[in-house]
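J.: One structure follows; several queries about it will come next.
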Amino acid sequence: MTDASVPEPTKARPRILSFAIGVAGGILGLMPWLMSAGTPLPISRDHATLLFSLVVLGGVFAGLAVHFLGRRRTTAGWPAALGVALVHLIAVGLSFSVLADELRIGDGGEEKAMLYFAGMLAGTITAVLTAQLGFHMTSSPSPGVVSVGVALAAVPFATWVGRSFVAFAGEGSPPEYLPALLRWLPAVLVGAALVWCGVRPVWRRVVAWVMSLLALWLVSALFMTIEYAFGIRELPAGATAREPMRVLLMVLDETWLSVVAAFVIAIVGTAVRMLVEWGVSRRGEPA
């Protein structure tokens, strides 16, 4: 045996571990739906934001795992990304084969049904690609990039948590505190991510903070607008579906409070973190 052949098993192990992380992340993202439904994906206009959230969170979960494990050991990123993609491609194939049978696509179904199928497939593929983007952002070694990735996934994560409650408690008995929890959870998550991100080096962290807060605002508005457009939630008083710009402006006005809350949490948390670090450094100084 030559010396050159010795490292090969140690290289294979991290790749297998990384691939397993990707598969586990993809399955974990779909888990709230898998526990309570008969198909891997909720292929329906009524579940548009839920479908997007379940798929995207798979990439984010795997990316965060790779990021934090990578600080302790060598963990390749591409096998995990491949694992996430494999889970998603299998889920898409199974779900859309069922939808094709229901719509009778192969039997020369109606044009409207084919358009519906194509539209849902395009939206789902977009979610799969976004999951890969989420993976690469949250697996990045840069805390700033990770914080922006977390901010982009904060609103989908609230949707994922809401569906998890439904999976465990059932459709008819959600906890009374759930609506408030789901409303403010993204702000808490983004604020915590910015505290973890820190403020040094200053110019890079300022960019990360601004992008994270802007991402929270825009994704919140986008999700709410889609839900209004697809009839998932009722339109605000005085607005109609024929006035999309008015609805969008109302949504932006309604979602800015979560951005303020995230900013306050980040500022207070960062101040506390700096005071704690200062106290620790003072105690470590020689008397």
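The values are calculated or read from the model by the stated rules, or taken from the named source; none is laboratory data. These numbers come from a predicted model, not from an experiment. Don't worry about glycine lacking a Cβ; one is built from the backbone with ideal geometry, like all the others, and counts go over all protein chains shown. Calculation scope for accessible area: heavy atoms of the full protein, side chains included, ligands and nucleic acids excluded. Shrake-Rupley method; radii C 1.70, N 1.55, O 1.52, S 1.80 Å.
J.: Take the conditions at pLDDT below 95 and either of a type outside the set (D, E, K, R) or touching a Lys or Arg at 6+ places or on another chain (Cβ under 6 Å) (or both) and apply them to Val98. Does it pass?
T.: The answer is yes for Val98.
J.: From Val210, Val199, Val190, grab the single residue that is without any contact (Cβ under 8 Å) to a residue 24 or more places away in the chain and either surrounded by fewer than 19 Cβ atoms within 10 Å (Cβ to Cβ) or under 23 Å from Phe68 (Cα atoms) (or both).
T.: Val210
J.: Take Val272 and decide whether it is over 19 Å from Met211 (Cα atoms) and touching a Phe, Trp or Tyr at 6+ places or on another chain (Cβ under 6 Å).
T.: Considered against the rule, which asks whether it is over 19 Å from Met211 (Cα atoms) and touching a Phe, Trp or Tyr at 6+ places or on another chain (Cβ under 6 Å), Val272 comes out as no.
For every residue, the table says whether it meets (1) out of contact with any helix residue (DSSP H, G or I) (no Cβ under 6 Å at 6 or more places or on another chain); (2) small (Gly, Ala, Ser).
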residue	(1), (2)
Ala153	no, yes
Pro156	no, no
Phe168	yes, no
Ser173	yes, yes
Val199	no, no
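J.: Going by the structure shown, is Ala118 out of contact with any strand residue (DSSP E or B) (no Cβ under 6 Å at 6 or more places or on another chain) and at pLDDT below 95?
T.: The answer is yes for Ala118.
J.: Sticking with this one: In the range 16-43, which residue that is under 16 Å from Glu171 (Cβ atoms), more than 16 Å from the chain's Cα centre (by Cα) and touching a residue at least 60 places away in the same chain (Cβ under 8 Å) is surrounded by the most Cβ atoms within 10 Å (Cβ to Cβ)?
T.: Ser36
J.: Of everything in the range 55-71 that's closer than 17 Å to Ala20 by Cα and modelled with pLDDT under 90, which residue is least open to solvent (accessible area, probe 1.4 Å)?
T.: Applying the filter and picking the extreme gives Gly70.
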